[in-house]
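Scroll down for the structure; my scribbles are underneath it.
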Amino acid sequence: MNGYFFRVWTWAASAGAGRQVGRVEAAGVRGLGELEAVVMDRLWSASQPQTVRAVYEELLVHRRIAYTTVMTVMDNLRRKGWLRRSLDGRAYLYEPVRSREVHSAEVMGEALADSTDRAVTLMHFVEHMSPAEARLLRDALAQPGRSGRGQTPGRGRAVGGAA
């Protein structure tokens, strides 16, 4: 998977500043830096669009960081096409353009495109699946036309549409 590095990130509030455990998050993926990956994880995990202040306060529990750093990272992510924003009073609300699942599928597609033998690459990928993951793949392949396209990140509604 040329150029793709996966890091493990989950914040444990009770564990103290900066402790990382658990959850897989893509970092260093074609222009997505470490802090950008952390911010995207927070926004993908949120149930609604977030202000810079909300993301900043959540990150501040786990690490020393300046508000302006978070604001700059979120604006950079918007300019790169990862986030969209809308004005809510005097503050912007930010939300991911694509769901975590769509992003993961794009990363897998890029890795497959980099392969010189797609069939062999797919076989290696499937060989490393757990029985539960293989079952999920079989179920997904058995449902034609169900791609989840047009879904707003983690909220199950059409982009730009109502819930």
Through the Karplus equation 6.51 cos²θ - 1.76 cosθ + 1.60, θ set to phi - 60°, convert the phi angles of region 90-101 into ³J(HN,Hα) values in whole Hz; use x for Gly and Pro. 9, 10, 8, 9, 10, 8, x, 6, 10, 5, 4, 5
Distant-in-sequence amide H partners of L83 (H built 1.01 Å from N, under 5 Å): R78, V97
Once phi is turned into ³J(HN,Hα) by the Karplus curve 6.51 cos²θ - 1.76 cosθ + 1.60 with θ = phi - 60°, what whole-Hz value does each residue of region 105-114 show in order, with x for glycine and proline? 5, 5, 4, 5, x, 5, 5, 5, 5, 6
So what are the ³J(HN,Hα) numbers for region 58-63, from phi and the Karplus equation (6.51, -1.76, 1.60; θ = phi - 60°), rounded to whole Hz, Gly and Pro as x? 5, 5, 4, 5, 10, 7
Compute the distance in nm between two label points, each set 7 Å from the Cα along the Cα-to-Cβ direction, one at A111 and one at E133. 0.8
Per residue, how large is the accessible surface of region 54-140? Use a 1.4 angstrom probe and give square angstrom. 66
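The values are calculated or read from the model by the stated rules, or taken from the named source; none is laboratory data. Keep in mind it's a predicted model, so treat the numbers as computed, not measured. So basically every Cβ, Gly included, is an ideal-geometry build from the backbone, and we count neighbours across all protein chains shown. Just the protein is used for accessible areas: all its heavy atoms, side chains included, with ligands, DNA and RNA removed. Shrake-Rupley method; radii C 1.70, N 1.55, O 1.52, S 1.80 Å.
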